[in-house]
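Undergrad: There's a structure below that I have some questions on.
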Amino acid sequence: MALSGFNDMFFVLLQMICVIVVAAYLISRTASFTEVLERRVTWKGQAILVLLFGALSIYGTESGITILGATANVRDLGPMVGGLACGPVVGLGAGLIGAAYRFSLGGFTALPCAAATILAGLFGGLIFLLVGKKFIGMHGAVLFAIGTEAFHMGLTLAICRPLEQALTVVEGVALPMIIANATGVFIFAFIIANLITERQTKAERDSFLSELERKKAELRIAHDIQMSFLPERLPEVPGVDLAALALPAKEVGGDFYDAIPLPGNRTALVIADVSGKGVPAALFMALSRTVMRANTLVPRSAREAVSEANALIAADAKSGMFVTLFYGVVDPGVKTLTYVNAGHNPPFLFRAGGGRPVELKGTGIILGVMPEAEYGEETVTLASGDLLVCYTDGVTEAINPNEEQFGERRLIETIMGCRDLPAGEVIDRILEAVTQFSGDEPQFDDQTLIVMRVA
């Protein structure tokens, strides 16, 4: 065949491929094809796909070029893809339609062409079954197309006589048909593979979003449960203005505070910070808060309450977590504060007369490390106008965009600027100062405050 004739035939086949691109897109978007991808095979869906791929096979015959009684075409494409993507029923059905139409046209190669079309659909369907009822993928599909068309040429040589004429036909159409059919299968395979990937990605995204929503819902419930551990309302303490606030960095956190009424109009104040963040810290916080409250309600000294709580927490602290805690008993009758500081940030006691605050420093180590740890207690006198500020390190360690910490100095300066305000407003001023300092930096640690003003 002259080079110009070969080029003309090749470009005609490429024009067929352009039609196949559209056909591939439309067929792969049908509800029947979607059923196959979802492995919901129905006879109605298979019948529709047989007709679609059979029609594509007929188009492949009609749009071909006849050379010496043989047609260079992409007739086998419909059955091949139907079998590879949808199974043997669709592949064989489309092959029978395409083969019947081709055989009805007659010609030198009618029999091998019809047989090859049927076998293309059947073999494609068998491969679909062998790989687990799924599409073989682009590389496998293209190799299958090349092999199928080579087999087609072999059938022509085996069946058609005289052999010399068969050789002439094969020599003229073999390469264009192999290239055209392999290209057509590649286009189909590319669209199908992308469709499968698209569906998998959507399924994974939907699953991820569903799981994310479930976890968010669980965390919201956990947040509500944890907030229920904190006092819904602070007790009324004669001669004392009391306020408190906890802001978890995440949905749940490890900080907690408590205000527990005791006999004799006394009140136990607790502020604590569990190591870590998130759910583990929240669980350990629940344990620590329950143990501390239970030991507070038993008549005993502040030192004994903290010591017993430490022993119980340490016995269950197998995860290596620990708690810093400040525990103070306010007695408004004699105006004293008796406290134990177990490794917590020293609260500031601002005296009514002004000046720098008194730091209520540690009297023992953190809870949950040594079951036999000993704790001391200290007592300070209170006077009208005194202001006590207890806080966790999420306040002083808040950072700004320059990674500078808010620090104790800024906290003291903020409090001194509002020390004459009610306890609740002092908390508001502190949080406002921390927020302005941090700017756009996210809160990375829980922030908890207890403020007490002596009337």
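The values are calculated or read from the model by the stated rules, or taken from the named source; none is laboratory data. Worth saying up front: this structure is predicted, and the values here are computed from it rather than measured. Cβ placement follows ideal geometry from the backbone for every residue including glycine, while neighbour counts extend to all protein chains displayed.
Undergrad: Considering the range 84-105 alone, what residues qualify as being more than 14 Å from Ser32 (Cβ to Cβ) and surrounded by 21 or more Cβ atoms within 10 Å (Cβ to Cβ)?
TA: Here is the first cut: in the range 84-105, the ones more than 14 Å from Ser32 (Cβ to Cβ) are 84, 88, 91-92, 95-105.
Correct list: Leu84, Gly91, Leu92, Gly95, Ile97, Gly98, Ala99, Arg102.
Undergrad: Follow-up. Which members of the range 425-437 meet the condition of being free of Cβ contacts under 8 Å to residues at least 60 places away in the same chain and either of a type in the set (A, V, I, L, M) or assigned to a loop (DSSP other than H, G, I, E, B) (or both)? Full working, then the answer.
TA: Applying the first criterion (free of Cβ contacts under 8 Å to residues at least 60 places away in the same chain) to the range 425-437 yields 425, 428-430, 432-437.
Residues satisfying the conditions are Ile430, Ala433, Val434.
Undergrad: When the residues of the range 103-133 are filtered to those that are at positive phi and touching a residue at least 24 places away in the same chain (Cβ under 8 Å), which remaining residue is farthest from the chain's Cα centre (by Cα)?
TA: Filtering the range 103-133 for residues at positive phi gives 106-107, 132-133.
This time we only want the ones that are touching a residue at least 24 places away in the same chain (Cβ under 8 Å), so: 107, 133.
Working: Gly107: 61, Lys133: 29 Å.
Per the criteria, the residue is Gly107.
Undergrad: Six or more apart or on different chains, Cβ atoms under 8 Å: show the pairs whose first residue is in the range 186-199 and closer than 16 Å to Val19 by Cβ and whose second is of a type in the set (Phe, Trp, Tyr) and part of a helix (DSSP H, G or I).
TA: Ile191/Tyr25
Undergrad: On to the next question. Looking at (1) at pLDDT 95 or above; (2) touching an Asp or Glu at 6+ places or on another chain (Cβ under 8 Å), which is the only condition Tyr391 fails?
TA: Evaluating Tyr391 over (1) at pLDDT 95 or above; (2) touching an Asp or Glu at 6+ places or on another chain (Cβ under 8 Å) leaves (2) as the failure.
Undergrad: Applying the selection to the range 209-223, what residues are among the hydrophobic types (A, V, I, L, M, F, W, C) and over 13 Å from Ala282 (Cα atoms)?
TA: The initial filter retains those residues of the range 209-223 that are among the hydrophobic types (A, V, I, L, M, F, W, C), namely 209, 212, 217, 219, 221-222.
Matches in the range 209-223: Leu209, Leu212, Ala217.
Undergrad: Please work out which residue is nearest to Thr338 (Cα to Cα), limiting yourself to the range 349-372 and to residues that are under 48 Å from the mean Cα position of the chain (by Cα) and exposed (fewer than 13 other Cβ atoms within 10 Å of the Cβ).
TA: Across the range 349-372, the extreme among qualifying residues is Lys361.
Undergrad: Is it the case, given these coordinates, that Phe151 is within 20 Å of Gly95 (Cα to Cα), without any contact (Cβ under 8 Å) to a residue 60 or more places away in the chain and of a type outside the set (Lys, Arg)? Spell out how you get there, then give the answer.
TA: On the way: within 20 Å of Gly95 (Cα to Cα): yes; without any contact (Cβ under 8 Å) to a residue 60 or more places away in the chain: yes; of a type outside the set (Lys, Arg): yes.
Yes; evaluated as a whole, the condition is true for this residue.
Undergrad: Need the failing condition index for Ile136 against (1) of a type in the set (A, V, I, L, M); (2) in contact (Cβ under 8 Å) with a residue 60 or more places away in the chain; (3) under 19 Å from Gly91 (Cα atoms), just the number.
TA: Tallying (1) of a type in the set (A, V, I, L, M); (2) in contact (Cβ under 8 Å) with a residue 60 or more places away in the chain; (3) under 19 Å from Gly91 (Cα atoms), Ile136 fails exactly one: (2).
Undergrad: Let me ask you something else. Being assigned by TED's automatic domain parsing to the domain that holds Ala166, β-branched (Val, Ile, Thr) and farther than 20 Å from Val22 by Cα: is that true of Ile97 here?
TA: Taking the combined requirement at face value, the residue satisfies it.
Undergrad: Can you tell me which residue within the range 382-391, out of those that are in contact with a Leu (Cβ under 8 Å, 6 or more places away or on another chain) and not aromatic (Phe, Trp, Tyr), is nearest to Lys277 (Cα to Cα)?
TA: Step one: list which residues in the range 382-391 are in contact with a Leu (Cβ under 8 Å, 6 or more places away or on another chain), which gives 382, 386-391.
Now restrict to residues that are not aromatic (Phe, Trp, Tyr): 382, 386-390.
Working: Leu382: 35, Asp386: 33, Leu387: 30, Leu388: 27, Val389: 23, Cys390: 20 Å.
Applying the filter and picking the extreme gives Cys390.
Undergrad: Restricting attention to the range 395-417, does a residue exist that is of a type outside the set (A, V, I, L, M, F, W, C), more than 18 Å from Ala243 (Cβ to Cβ) and touching a Leu at 6+ places or on another chain (Cβ under 8 Å)?
TA: So far as the range 395-417 goes, yes, one or more of its residues are of a type outside the set (A, V, I, L, M, F, W, C), more than 18 Å from Ala243 (Cβ to Cβ) and touching a Leu at 6+ places or on another chain (Cβ under 8 Å).
Conditions tested, residue by residue: (1) touching a Phe, Trp or Tyr at 6+ places or on another chain (Cβ under 9 Å); (2) farther than 23 Å from Tyr59 by Cβ; (3) surrounded by fewer than 21 Cβ atoms within 10 Å (Cβ to Cβ).
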{"position": "Phe123", "(1), (2), (3)": "yes, no, no"}
{"position": "Val131", "(1), (2), (3)": "no, yes, yes"}
{"position": "Lys134", "(1), (2), (3)": "yes, yes, yes"}
{"position": "Ala158", "(1), (2), (3)": "no, yes, yes"}
{"position": "Asn181", "(1), (2), (3)": "no, no, no"}
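Undergrad: Considering the range 22-38 alone, what residues qualify as being modelled with pLDDT under 85 and exposed (fewer than 15 other Cβ atoms within 10 Å of the Cβ)?
TA: Val22, Tyr25, Glu38
Undergrad: Tell me the residue from Gly140, Gly132, Gly154, Gly125 that is assigned to a loop (DSSP other than H, G, I, E, B), over 15 Å from Val74 (Cα atoms) and modelled with pLDDT of 90 or more, please.
TA: Working: Gly140 fails: assigned to a loop (DSSP other than H, G, I, E, B); Gly154 fails: assigned to a loop (DSSP other than H, G, I, E, B); Gly125 fails: assigned to a loop (DSSP other than H, G, I, E, B).
Matching residue, one of Gly140, Gly132, Gly154, Gly125: Gly132.
Undergrad: Please determine whether any residue of the range 370-385 is of a type in the set (Val, Ile, Thr) and in contact with a Gly (Cβ under 8 Å, 6 or more places away or on another chain). Steps first, please.
TA: First, the residues of the range 370-385 that are of a type in the set (Val, Ile, Thr): 379-381.
Now drop any that are not in contact with a Gly (Cβ under 8 Å, 6 or more places away or on another chain), which leaves none.
No, that holds for no residue.
Undergrad: Of a type in the set (D, E, K, R), part of a helix (DSSP H, G or I), in contact with a helix residue (DSSP H, G or I) (Cβ under 9 Å, 6 or more places away or on another chain) and assigned by TED's automatic domain parsing to the domain that holds Ile271 - does that describe any residue in the range 438-448? Spell out how you get there, then give the answer.
TA: Keep residues of the range 438-448 that are of a type in the set (D, E, K, R), which gives 440-441, 445-446.
Those left that are additionally part of a helix (DSSP H, G or I): none.
No, the conditions are met nowhere in the range 438-448.
Undergrad: Residues to consider are Glu404, Glu397; find the one that is charged (D, E, K, R), modelled with pLDDT under 95 and surrounded by fewer than 14 Cβ atoms within 10 Å (Cβ to Cβ).
TA: Values: Glu397 fails: surrounded by fewer than 14 Cβ atoms within 10 Å (Cβ to Cβ).
Among Glu404, Glu397, only Glu404 is charged (D, E, K, R), modelled with pLDDT under 95 and surrounded by fewer than 14 Cβ atoms within 10 Å (Cβ to Cβ).
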